[in-house]
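Have a look at the structure below before the remarks.
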2 protein chains.
Amino acid sequence: MTITIKHIADKAGVSRGTVDRVLNGRTGVKPEVRERVLAIAKEMDYSPNVAAKALAYSKKPILFGVVMPPREISFFDEVRRGIQNAADELKDLGIRLEYEYVNNRKQEESAAAIDKLVEMGADGILFSAMDNDLTRASIDRAVKQGVPVVTFNSDVENSSRVCFIGQDLPKSGRIAAGLLSRILKADSKVLVVTGSLNFHAHRSRVKSFQDNLQQTRSDIEIVNVVEGFDQYELTFSQIDQALHQEPGIEGIYMATGDVGACIDAIKRHGKEGKVKVVCNDLLPETERGMKEGIIDFTIVQNPSMQGYRALRILFDHRFLGKPPEIEYYFTETNIMIPESM
Amino acid sequence: MTITIKHIADKAGVSRGTVDRVLNGRTGVKPEVRERVLAIAKEMDYSPNVAAKALAYSKKPILFGVVMPPREISFFDEVRRGIQNAADELKDLGIRLEYEYVNNRKQEESAAAIDKLVEMGADGILFSAMDNDLTRASIDRAVKQGVPVVTFNSDVENSSRVCFIGQDLPKSGRIAAGLLSRILKADSKVLVVTGSLNFHAHRSRVKSFQDNLQQTRSDIEIVNVVEGFDQYELTFSQIDQALHQEPGIEGIYMATGDVGACIDAIKRHGKEGKVKVVCNDLLPETERGMKEGIIDFTIVQNPSMQGYRALRILFDHRFLGKPPEIEYYFTETNIMIPESM
DNA sequence: ATGAAAGCGCTAACAT
DNA sequence: ATGTTAGCGCTTTCAT
């Protein structure tokens with residue numbers, strides 16, 4: 001038989017109201033009573049009934065804030081879809097969502113969004129935007145006020161967010177190395193393109209790629225690691241230049257950055273299909289590149305699952321009292337080829 | 001504001017009990033009243049509150065039967081895990097599971113399991129076992145009695161099951177062709193291994209593989225398509241023989257069948273790493289083959305998601321009154337390399 | 001600090 | 001054929 005607060009109340013010789021106060025950390029219970037109730041709940045292995053809780057909360061649902069880049073950033077379409085899927089499932093389970101779309105280049109916006117949500121009385125926050133001192137401070141403040149923050153897709157390091165859900169960057173670099181090592185012949189030359197080596201996230205894939213390629217295919221030479229700073233023009237000219245200087249390049253790893261620029265540079269040199277390309281994610285340009293036979297493999301991070309899991313984790317935490325078990329949740333790292341589409 | 005049966009009852013000038021009878025297809029309502037209530041519900045865009053429904057059902061939960069192969073079949077570990085995940089999420093939402101493990105070689109067992117569950121009063125059945133006339137008949141009988149059946153992982157064709165959730169077989173064959181076409185050099189010879197071409201499911205991958213390879217790489221020759229009937233001995237001898245007769249084989253596509261046999265045959269010929277191998281799924285032997293550098297790629301079908309989705313679909317159908325929108329639900333087809341593990 | 005009781009939306013048993 | 005009512009397990013308001 002399943003244990004309810006009534007059972008606990010009876011055993012503890014108190015009312016259901018008191019048990020509720022204890023179990024939900026509300027004030028106004030004598031410490032010794034609290035202890036006793038807690039002990040009994042544990043002993044009976046009590047866990048709350050989701051449906052009942054949800055129904056009781058339906059008057060005043062729990063509010064979760066979602067901070068993420070606006071609709072224009074197409075990469076986040078999938079992430080948003082995942083959040084929406086989870087929200088649909090939890091629709092009647094006593095939660096409500098409040099979205100805050102922020103320009104992820106402006107750090108004040110990200111920080112302000114968190115403050116605003118806390119102000120509104122949010123019971124938890126899903127966050128995916130700028131990693132900087134201002135947002136870090138806002139997150140720390142929110143958490144201190146009892147509002148847990150879960151970061152997704154891109155983390156805010158050294159903050160007090162409860163956990164992060166996103167991709168395993170070293171794994172994606174390792175897989176990229178594995179793929180190129182299987183399609184390049186002996187003594188090939190490889191170019192690596194990234195955004196900025198100043199960012200941990202960008203460096204991480206590159207480092208792992210280098211380490212793994214070196215280890216398994218020491219005959220392959222990485223001729224250069226160039227930075228495109230996530231801008232089309234810069235990326236294009238970097239790749240263009242590299243292909244000029246080293247006509248022998250047979251493989252490109254687009255660790256981060258503008259895939260469209262890479263496609264165009266390759267076309268300019270008439271190297272379609274001759275240079276093997278491995279990149280990340282599945283944006284419209286990537287699809288185009290795959291269909292045109294320029295991109296051979298792309299490594300994807302399951303963005304919709306990131307959104308879905310982030311919301312479920314926050315729900316389990318706030319609603320069911322099950323804190324996240326680990327600090328880093330990694331979504332699957334998958335490989336796609338043109339035939340996968 | 002959200003619509004409840006109370007609103008409908010008021011507007012229709014009847015009691016909540018009557019609305020409940022109509023909305024849940026129970027008997028004992030005058031046809032004209034039924035019409036009216038239905039019309040109003042539609043007009044008000046009513047959808048039931050999950051939490052409330054779940055709570056009310058907690059006395060007598062909805063019973064779902066699950067028919068699948070026993071624990072010994074390790075492939076199904078993941079599928080079972082997916083079902084369990086969904087069951088945990090739905091734990092308090094008024095459903096209960098009853099497992100029936102059947103030997104998927106014995107057709108009587110599969111059919112009997114369905115009959116037994118219907119007998120027990122199951123409100124829906126998840127089925128993954130033998131596709132034959134006996135089970136087909138059982139499924140048809142169950143459905144006729146109002147017990148919807150959802151098949152997962154392997155379908156029962158031409159039966160009245162409401163939908164199937166599993167992999168996209170042609171896609172997996174197409175991806176296999178795409179992979180081999182990227183790692184084999186010009187004029188390579190390829191061997192295809194499958195279970196039995198008599199089975200639609202086994203034939204499907206092979207056909208798609210052939211078609212796609214032919215189309216993109218007409219220089220590659222498929223020297224033979226052999227059948228191993230899912231037995232180690234037969235598979236081993238078939239591959240062994242093929243490697244003898246055609247020492248020039250540089251690629252093997254294990255469409256279905258015993259991967260361990262393939263690994264051993266390659267070892268016997270000292271062809272580790274020389275023959276490129278693409279196979280399916282991720283069983284312990286596959287992992288071993290990948291670690292030993294014998295298997296280059298394996299194409300996986302996300303088995304845990306098959307279990308998870310199957311249960312959610314049945315839940316949505318029976319509990320929320322949302323019938324499946326499509327007949328075939330395909331889980332993602334992913335590519336793994338040794339570095340993916 | 002604690003108890004009692006109403007109510008969340010729905011189902012089911014009982015009444016009529 | 002239809003209305004009434006007592007729960008389902010939990011939260012919250014109002015008493016005490």
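Bear in mind these aren't lab numbers, they're just calculated from the coordinates by the rules spelled out. Not measured: the values here are computed from a predicted model. With ideal geometry, Cβ positions are generated from the backbone for all residues, glycine too; neighbour counts draw on all protein chains shown.
The table that follows gives values for the structure above.
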quantity	calculated
Trypsin sites (Lys or Arg not before Pro) restricted to DSSP loop in the range B:42-82 with at most 14 other C-beta within 10 Å	B:59, B:71
Distance from the range A:292-341 to the range B:276-297 (C-alpha centre basis), Å	24 Å
FRET E, pair residue B:73, residue B:316, Förster distance 30 Å, beta-carbon r, rounded to 0.05	0.60
Label point distance in nm, residue B:267-residue A:237, each placed 7 Å from Cα along Cα→Cβ	5.7 nm
Label 7 Å beyond Cα on the Cβ vector: residue B:229 copy-to-copy distances, nm	6.8
For residue B:67, distant residues with modelled amide H under 5 Å away	B:100, B:126, B:127, B:128
Simple label model, 7 Å out from Cα along Cβ direction - residue A:325 to residue B:120, nm	2.7 nm
Dipole of the protein assembly as shown, positive direction: furthest Cα of B:180, A:56, B:209, with charges on the beta-carbon	A:56
Selected from A:104, A:158, A:212 as most flexible by GNM, with chain A as the system and alpha-carbon contacts under 10 Å	A:158
Prolate/oblate/rounded call for the range A:169-300, Cα gyration tensor, a/c under 1.5 rounded	rounded
Pairs of Cα atoms farther than 33 Å apart, chain A, %	41 percent
Charge sum, other residues only, whose C-beta stays under 15 Å from residue B:29's C-beta, Lys/Arg counted +1 and Asp/Glu -1	+3
Relative contact order (%) - criterion: Cα under 8 Å, at least six apart; region: chain B	16 percent
Within chain A, longest stretch free of exposed GluC sites (Glu not before Pro) [DSSP loop, at most 14 other beta carbons within 10 Å]	A:158-271
Where labels lie 7 Å past Cα in the beta-carbon direction, separation of residue B:160 and residue A:200 in nm	6.0 nm
Cα-Cα over 28 Å, subset of B:60/B:106; A:322/B:59; A:59/A:116; A:271/B:185; A:91/B:59	B:60/B:106
Cleavage-rule hits (trypsin sites (Lys or Arg not before Pro)) in the range A:169-201: DSSP loop, at most 12 neighbouring Cβ within 10 angstrom	A:185
Sparse-neighbourhood loop sites, trypsin sites (Lys or Arg not before Pro) in the range B:101-131 - DSSP loop, at most 10 other Cβ within 10 angstrom	B:105
